[in-house]
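The values are calculated or read from the model by the stated rules, or taken from the named source; none is laboratory data. Computed from a prediction, not measured in an experiment: that's the story for all the values here. We place every Cβ from the backbone using ideal geometry, glycine too, and count neighbours over all the protein chains shown. For accessibility, only protein heavy atoms count, side chains too; no ligands or nucleic acids. Shrake-Rupley method; radii C 1.70, N 1.55, O 1.52, S 1.80 Å.
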Amino acid sequence: EKFKDGLSKTRNSFTSKVNDLVARFREVDEEFFEELEEVLLQADVGVETVMELVDQLRWEVQRKNIKNTDGIQSVISEKLVEIYKAGEELDTELNIQDGLTVILMVGVNGVGKTTTIGKLAARLKDEGKTVMLAAGDTFRAGAIDQLVVWGERVGVEVIKQSEGSDPAAVMYDAIRAAKNRKVDVLICDTAGRLQNKVNLMSELEKVHRVIGKEVEGAPHEVLLALDATTGQNAMVQAQTFKDATNVTGIVLTKLDGTAKGGIVLAIRNKLDIPVKFVGLGEGMDDLQPFDPEKYVYGLFA
Ligand code: GDP
């Protein structure tokens, strides 16, 4: 239900446009495909994915000898799921260890990184895990306090130092504390300034190194928060972070706030990084695991 509600903007816009098309065109012809392309592009599905989808639809229509547009929606959703799942299988599950699991959250300021950390902590706690947060964004004014507020709300401990301190030192402290308290999952916030790619890289590298030295195989997840409402900007950010660090999963935030939910498919096609969670609101329980089938069929439900 949460999933369905959260997608209502995309559903209302995308699905109603497809339904309009189907009502206007009795026949599946070239003109229908052209207008369908337009609708898909408006939903931020991305040019390449749109081309691929429409090509495959053409084939399918020929193969099955589909003449009119009745029920074409189900063929479209089948193909959307197929395209999402094509190629290398992407693991959408979190990589949780038997011992301490360290998750690094990265992303540009304002995309919903802190909120996502809070929601994720709440989710993991609900699953019976003990969780700790590390206030690694020592750069943005207020970032530490904001994380502390989330920590209190969820009921998990936050390890912090003062603003301006070395993020790597915060991580070091946090890992020590997490080990001492036998915590299951440590979620680390990081700074989100992106004005200088070299800075970003060296800071993330340093944090990575410290974490990896203290816990074998850590960080076990590097989750990149992307704001779904920013469309192509999100794609550019994703590429920058992918170049800077080993991103293992994407959290697509604010999906509830956009009619352009097709960005999920563009991410799949362009980046080959799994979307592991989607943000569907500002509340504690508004983070949902991403499931391509639920997503696509939810659009047409
Ligand atoms: P940060 O700077 O990346 O840490 O971003 P914040 O976590 O402070 O979030 C920025 C704003 O986006 C806040 O007002 C959040 O409540 C809001 N936000 C975060 N995630 C979501 C989401 O999934 N849906 C909606 N509607 N708002 C969100």
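What percentage of all Cα-Cα pairs in region 141-242 are separated by more than 17 Å? Taking all Cα-Cα pairs of region 141-242, the fraction more than 17 Å apart is 59 percent. Can you list residues from other chains, or at least 5 along the same chain, whose modelled amide H is less than 5 Å from the amide H of VAL158? The list, which skips near neighbours in sequence, is LEU133. Note on ASP166/ASP291: beta-carbon distance plugged into 1/(1 + (r/R0)^6) with R0 of 30 Å gives a FRET efficiency of 0.15. Projecting the Cα positions of VAL39, THR49, PHE3 onto the charge dipole of region 1-90 (unit charges on Cβ atoms of Lys, Arg, Asp and Glu, taken about the Cα centre) puts PHE3 furthest along the positive direction.
In region 192-250, the alpha-carbon atoms span a convex hull of 73 Å³ per residue. Taking the DSSP bridge list for the chain and keeping only pairs wholly inside it, about 15 percent are antiparallel. Span-like helix criteria (full DSSP H runs; alpha carbon extent of at least 15 Å along the helix axis; mean Kyte-Doolittle hydropathy of at least 0.0) are satisfied in the chain by 72-85, 143-154, 167-180. Compare the Cα positions of ILE83, THR253, ILE273 along the charge dipole of the chain (+1 at Cβ of Lys, Arg; -1 at Cβ of Asp, Glu; about the Cα centre) and return the one farthest towards the positive end. My answer, from the dipole projection, is THR253.
Amide H contacts under 5 Å for VAL275: ILE250, restricted to partners 5 or more places along the chain or on a different chain, H placed in the peptide plane at 1.01 Å from N.
Among residues other than ASN269 with Cβ under 13 Å from its Cβ, the summed charge is -3 (Lys and Arg +1, Asp and Glu -1). Carbon-plus-sulfur accessible fraction, the chain (probe radius 1.4 Å, protein heavy atoms only): 46%. Extension gain, THR130-LEU90: 0.36 nm per intervening residue step, less the Cα-Cα distance, totals 11.7 nm. In a reduced charge model with +1 at each Lys and Arg Cβ and -1 at each Asp and Glu Cβ, region 102-197 shows a dipole moment near 200 debye about its Cα centre.
Average accessible surface for the chain: 45 Å² per residue, computed with a 1.4 Å probe over protein heavy atoms with every protein chain in place. Measuring against 22 Å, Cα to Cα, the residue pairs LYS64/LYS260; LYS9/LYS294; LYS2/LYS119; LYS182/LYS206; LYS17/LYS260 contain LYS64/LYS260; LYS182/LYS206 as the ones spanning a longer distance. Which residues does the label zone of LYS213 cover in region 165-199, counting backbone N under 15 Å from a point 7 Å along Cα→Cβ? Residues 166-176 fall inside that zone. Computed over region 14-138, the P(r) tail beyond 16 angstrom holds 71 percent of alpha carbon pairs.
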